[in-house]
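The values are calculated or read from the model by the stated rules, or taken from the named source; none is laboratory data. Remember, it's a predicted structure, so these values are computed and weren't measured experimentally. Reconstructed Cβ throughout: ideal geometry from the backbone, glycine too, with neighbour counts over all protein chains shown. Each accessible area value is taken on the protein alone, full model and side chains, heavy atoms only, with ligands, DNA and RNA left out. Shrake-Rupley method; radii C 1.70, N 1.55, O 1.52, S 1.80 Å.
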Amino acid sequence: MRRKYLLSAAMFSVLFATSACGAATVAPSSSPQPARLANAGVEASSTSAPEIGTSQRAAAADAKAAKAKAGAAAKAKAVASAKAKVVAGAKAKADAAAKAAASKVAAAEKVAVARGAAIKKTAEQSAAKSSSAAAAAKRVTPVPAVPKPAPAPVQPASSEKIVNTAYTTAYTWHDNTPVGSASISHPVLHRTAGGTGTYADPITIAVGHSLATGKDVLDFPAGTRIYLPDVRRYFIVEDTCGDGNDPENGPCHQGTNAQGTNSTLWIDMWIGGQSVDAAGADNCAGRVTDVHTAVFNPASNYVVAPGAGVIHDGKCDAGYGNSLVRK
């Protein structure tokens, strides 16, 4: 396109020069031939100019379109690159978060394992201490408030002392000192007055005592067993009979010829009475008051009446007489 344009321009210049020369030498009216040539030159120049402008505009449009296309491609590439960078950054961030979470879980597990080991160790130490304390406790012999002696050995008949002139009376819950109690002064097998009447579990009995020497001395040592056939039960000395500042002047300590009965000693048996009223207890005490046979340090094979104590199940279990019956 550009060579054609240059050729037309050259031809136009030649024709223009020729026309100018003709005009200087020939008169316009005498020669029409040069005029046509001049017009032809002009027409040729005017017909080629529009063709050259269209070609340039098309080329410029193509170049602009190519440039726009290239710009769009570059922009798309840049957007894609930016998106890739964002995705890569998000992935890296997610990986870092996952790694951090995994590290935290691992650390927590490690701490949990350490705590579990510490707790286990503490538990083992506590168990060891408890075991040691238990072993130490086993080595310590507890001391009861009221020491209980071993059961008395079986007494042979040759060691017994049978007294046929023992004056026996009774005291109850209602007339004990203090009243309404089962308090005793010299506990041996029981902390309070009680017992069922067997050889192994004899009933509390009170005896006379004296303070003449400045000490409280019982007429029969605490722990002495006595068997009374009239109620068919065994008893044990655990209490004192008589009140006041001069107990040696009391009836149990004197004991001789009590109530004109020619008795030689006096013993006072516990018959309970909590399960009956005072009148019922007094009535039972009256039934056992008299001179009876008493066996001191008795054998263990005398007959024992059924029932827990002299007063049991609402009745007074007495009146068996003075005969000694063995099993």
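Quick one: Karplus J couplings for the range 215-224, per residue in order, coefficients 6.51, -1.76, 1.60, θ = phi - 60°, nearest Hz, x for Gly and Pro?
10, 7, 10, 7, 5, 10, x, 4, x, 5
Quick check: pseudo-label points 7 Å beyond the Cα along Cα→Cβ at Q56 and D95, how many nm apart are they?
5.8 nm
Tell me the net charge near T168. Cut-off is 12 Å between Cβ atoms, T168 excluded, with +1 for each Lys or Arg and -1 for each Asp or Glu.
Surrounding charge for T168 is -1.
Count charges around S275 for me, please; just the other residues with Cβ under 13 Å from its Cβ, Lys/Arg as +1, Asp/Glu as -1.
-2
How large is the accessible surface per residue of the range 223-327, computed with a 1.4 Å probe and reported in Å² as a whole number?
Result: 42 Å² of accessible area for each residue.
May I ask you to order 64-75, 202-213, 281-292 by the average number of other C-beta atoms within 10 Å around their residues, highest value first? Numbers along the way, then the final one.
Numbers: 64-75: 10.0, 202-213: 21.3, 281-292: 17.9.
In decreasing order of mean packing, 64-75, 202-213, 281-292 become 202-213, 281-292, 64-75.
Once each part is reduced to its C-alpha centroid, what is the distance from the range 287-313 to the range 163-189 in angstrom?
14 Å
What is the sum of charges, Lys and Arg at +1 and Asp and Glu at -1, for the other residues whose Cβ falls under 15 Å from the Cβ of R326?
+2
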